[in-house]
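A.B. asks: Before I ask anything, let me first share the structure, which is written out below as structure tokens.
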């Protein structure tokens, strides 16, 4: 999958949270869900795997062929690729700009005393 | 239970998605401790199923290359062809393009000026039977129309008049034309002239409805026709004598009848017939001899394996019903009634059906065109038919009853006149320019219509010279197997004192039939008053 990372921005909240969850460590699907839930955002398995499918196709995420020996064999682990990390960086930067802009405007709008 | 339903929902996903994620999704389901959470996951799975099928077309296909299967013996299975997955935009473009091409194709078929795509099967007139018996191959100098041989029975059955109107007319053959005209004036759709000429006109210019019946008779008789008898000298002589007798009695021009009789006799004396024992070939030979002597392609000796029947005879109720239903089915062969650009009326009809049956249809058609500034009659595929329809349609083009033509019947030694009716109230076409499109397929009554209006300087003919059928005839029995078709009614125009027999009707503007409409429209436009 080729294309400029900015072509895919802005990311959907679900995609952002999934990438963010995988940015720290390799996780299985259920682990991603829990990690996302920890940030007060909820996604169901349908949304999760739909997004994972797209991310795998776009080479943002890759599936690992290995898992801990004592783990449930149904679990699959996913890892963020360099490309996926780049996308996340771009999105974070974009959001940073949005946040900065928002803060600036909120300050301007604040009433001042004479 | 919920787990079972959840598994079912997972199974409903596209196979590729299911293969890849179903186990893990089920694992997540198994981690749920409360029923409400499990129910939420079930709903989530159903939503996911819908999303995968509707919004993710690529997910419908398996990706074997990405997940190679391995056979039990360890040999991997390779897939080399990836499934084709068109982009959404490509699919939309494809649908749009297909729709446009389909619409253009339909439009081209409907309005093509190149008649290659014109799929309608034209009605075939009496003279133009489409089947030629194998033993009766036409001579080299004969054209397709009128040169075919048909078994006598086929001709005898198709020859008679199949209309109720003609049967009625037969009841009063001795009435003078004026008397009949008075009788008929009570019916606004019936032409003034409806005497015996119509009977005989129908006898030759058969309504197209019967054309397909002819074909079916021909096919039915075909195998039987092969089993023919051997002809002897005496039989040949008898057929020749009877043919001559009938020609002298009925053929419309006595002088020509004598010439044909002489030709038959001289051929017989020269022994030209001696080698022929096959009756069908003999009939063909006699026909050739007659047509070479007269240049009249309507005269014909006919052979059939079934007993021949002289015509005209009254149509059977079945024939009448069949004709009626065919006319109703085919909209009385009125194919197009349109107002072209610049308010030019256009009427294409492919026969002149019996006015008794189709008069109201014709009146409706003319009424629809009543507001037109010019009118184009398209007779390029018109195979002829009834004189009463000729008179009825011509009535709309005159402001007074007009003498169209005379029918001379040699057998009855009578002359009947054909006139248009009294003007139709409200008719606005009497002073409008009229154009008639003709082709080499314009036959019989259609030729009469063209010729009469041309002679009256009421219409401009555009197209090709017509086929040249100015005589009308009937079949006369010679014996059980042989019959002869003899033109015995001559149509004579009161202005030219002649007709189009053999020569066809010459158009005023001679162009290819395919271009005739376009040219006529141009001519009509030039004649229209400038607004």
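The values are calculated or read from the model by the stated rules, or taken from the named source; none is laboratory data. Keep in mind it's a predicted model, so treat the numbers as computed, not measured. Here Cβ is always computed from backbone atoms with ideal geometry, including for glycine, and neighbour counts include all displayed protein chains.
A.B. asks: So which residues in the stretch A:72-109 are in contact (Cβ under 8 Å) with a residue 24 or more places away in the chain and not in a helix (DSSP H, G or I), if there are any at all?
C.D. replies: A:75, A:76, A:77, A:78, A:79, A:80
A.B. asks: In contact with a helix residue (DSSP H, G or I) (Cβ under 6 Å, 6 or more places away or on another chain) and in contact (Cβ under 8 Å) with a residue 12 or more places away in the chain, is that true of residue B:387?
C.D. replies: In short, yes.
A.B. asks: Are any of the residues in the stretch B:507-515 on the phi > 0 side of the Ramachandran plot and out of contact with any helix residue (DSSP H, G or I) (no Cβ under 8 Å at 6 or more places or on another chain)?
C.D. replies: No, there is no match, as no residue in the stretch B:507-515 is on the phi > 0 side of the Ramachandran plot and out of contact with any helix residue (DSSP H, G or I) (no Cβ under 8 Å at 6 or more places or on another chain).
A.B. asks: Please return the ranges of helices (runs of 4 or more DSSP H) entirely within the stretch B:230-345 where 1 or more residues are touching a residue at least 40 places away in the same chain (Cβ under 8 Å) and touching a strand residue (DSSP E or B) at 6+ places or on another chain (Cβ under 8 Å).
C.D. replies: Correct list: B:233-250, B:279-294.
A.B. asks: Among the residues of the stretch A:54-72, which ones are touching a strand residue (DSSP E or B) at 6+ places or on another chain (Cβ under 7 Å) and at the interface with chain B (Cβ under 10 Å from one of its Cβ atoms)?
C.D. replies: A:56, A:63
A.B. asks: Quick one: is residue B:447 within 14 Å of residue B:380 (Cβ to Cβ) and either crowded, with 24+ Cβ neighbours inside 10 Å or touching a helix residue (DSSP H, G or I) at 6+ places or on another chain (Cβ under 8 Å) (or both)?
C.D. replies: Yes; evaluated as a whole, the condition is true for this residue.
A.B. asks: Take the conditions in the same structural domain as residue B:485 (by TED's automatic domain parsing), buried (at least 22 other Cβ atoms within 10 Å of the Cβ), within 23 Å of residue B:524 (Cβ to Cβ) and in contact (Cβ under 8 Å) with a residue 40 or more places away in the chain and apply them to residue B:421. Does it pass?
C.D. replies: Answer is no for this residue.
A.B. asks: Quick one: in the stretch A:1-11, which of the residues that are closer than 21 Å to residue A:63 by Cα and not in a helix (DSSP H, G or I) is farthest from the other protein chains (Cβ to nearest Cβ)?
C.D. replies: A:11
A.B. asks: Okay, moving on. Output the number of the condition that residue A:77 fails; it satisfies all remaining conditions of (1) under 15 Å from the mean Cα position of the chain (by Cα); (2) over 19 Å from residue B:48 (Cα atoms).
C.D. replies: Here residue A:77 clears every test but (1).
A.B. asks: Among the residues in the stretch B:351-369, are any touching a helix residue (DSSP H, G or I) at 6+ places or on another chain (Cβ under 8 Å) and assigned to a strand (DSSP E or B)?
C.D. replies: Yes, the stretch B:351-369 has at least one match.
A.B. asks: If I filter the stretch A:18-31 for residues that are part of a helix (DSSP H, G or I), more than 14 Å from chain B (Cβ to nearest Cβ) and free of Cβ contacts under 8 Å to residues at least 40 places away in the same chain, do I get at least one hit?
C.D. replies: Looking through the stretch A:18-31, at least one residue is part of a helix (DSSP H, G or I), more than 14 Å from chain B (Cβ to nearest Cβ) and free of Cβ contacts under 8 Å to residues at least 40 places away in the same chain.
A.B. asks: Does the stretch B:478-494 contain any residue that is assigned to a loop (DSSP other than H, G, I, E, B), crowded, with 23+ Cβ neighbours inside 10 Å and assigned by TED's automatic domain parsing to the domain that holds residue B:454?
C.D. replies: So far as the stretch B:478-494 goes, yes, one or more of its residues are assigned to a loop (DSSP other than H, G, I, E, B), crowded, with 23+ Cβ neighbours inside 10 Å and assigned by TED's automatic domain parsing to the domain that holds residue B:454.
A.B. asks: Looking at the stretch B:423-430, is at least one residue under 28 Å from residue B:496 (Cα atoms) and in contact with a strand residue (DSSP E or B) (Cβ under 9 Å, 6 or more places away or on another chain)?
C.D. replies: Yes, the conditions are met somewhere in the stretch B:423-430.
A.B. asks: Look through A:45, A:13 and report the one residue that is in contact with a helix residue (DSSP H, G or I) (Cβ under 8 Å, 6 or more places away or on another chain), modelled with pLDDT of 90 or more and surrounded by 11 or more Cβ atoms within 10 Å (Cβ to Cβ).
C.D. replies: Selected residue: A:45, the only one of A:45, A:13 that is in contact with a helix residue (DSSP H, G or I) (Cβ under 8 Å, 6 or more places away or on another chain), modelled with pLDDT of 90 or more and surrounded by 11 or more Cβ atoms within 10 Å (Cβ to Cβ).
A.B. asks: Additional query: Hey, among the residues in the stretch B:316-354 that are buried (at least 21 other Cβ atoms within 10 Å of the Cβ) and at pLDDT below 90, which one's farthest from the chain's Cα centre (by Cα)?
C.D. replies: B:354
A.B. asks: Got a number for residues in the stretch B:495-516 being at pLDDT 90 or above and in contact with a strand residue (DSSP E or B) (Cβ under 6 Å, 6 or more places away or on another chain)?
C.D. replies: So the answer is 5.
A.B. asks: Please specify each residue of the stretch A:34-53 satisfying the condition of being within 9 Å of chain B (Cβ to nearest Cβ), part of a helix (DSSP H, G or I) and out of contact with any strand residue (DSSP E or B) (no Cβ under 9 Å at 6 or more places or on another chain).
C.D. replies: A:45, A:46, A:47, A:48, A:49, A:50, A:53
Condition check ((1) at pLDDT 90 or above; (2) out of contact with any helix residue (DSSP H, G or I) (no Cβ under 9 Å at 6 or more places or on another chain); (3) part of a helix (DSSP H, G or I); (4) within 7 Å of another protein chain (Cβ to nearest Cβ)) across all residues:
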| site | (1), (2), (3), (4) |
| --- | --- |
| B:3 | no, no, yes, no |
| B:18 | no, no, yes, no |
| B:33 | no, yes, no, no |
| B:44 | yes, no, yes, yes |
| B:47 | yes, no, yes, yes |
| B:54 | no, yes, yes, no |
| B:62 | no, no, no, no |
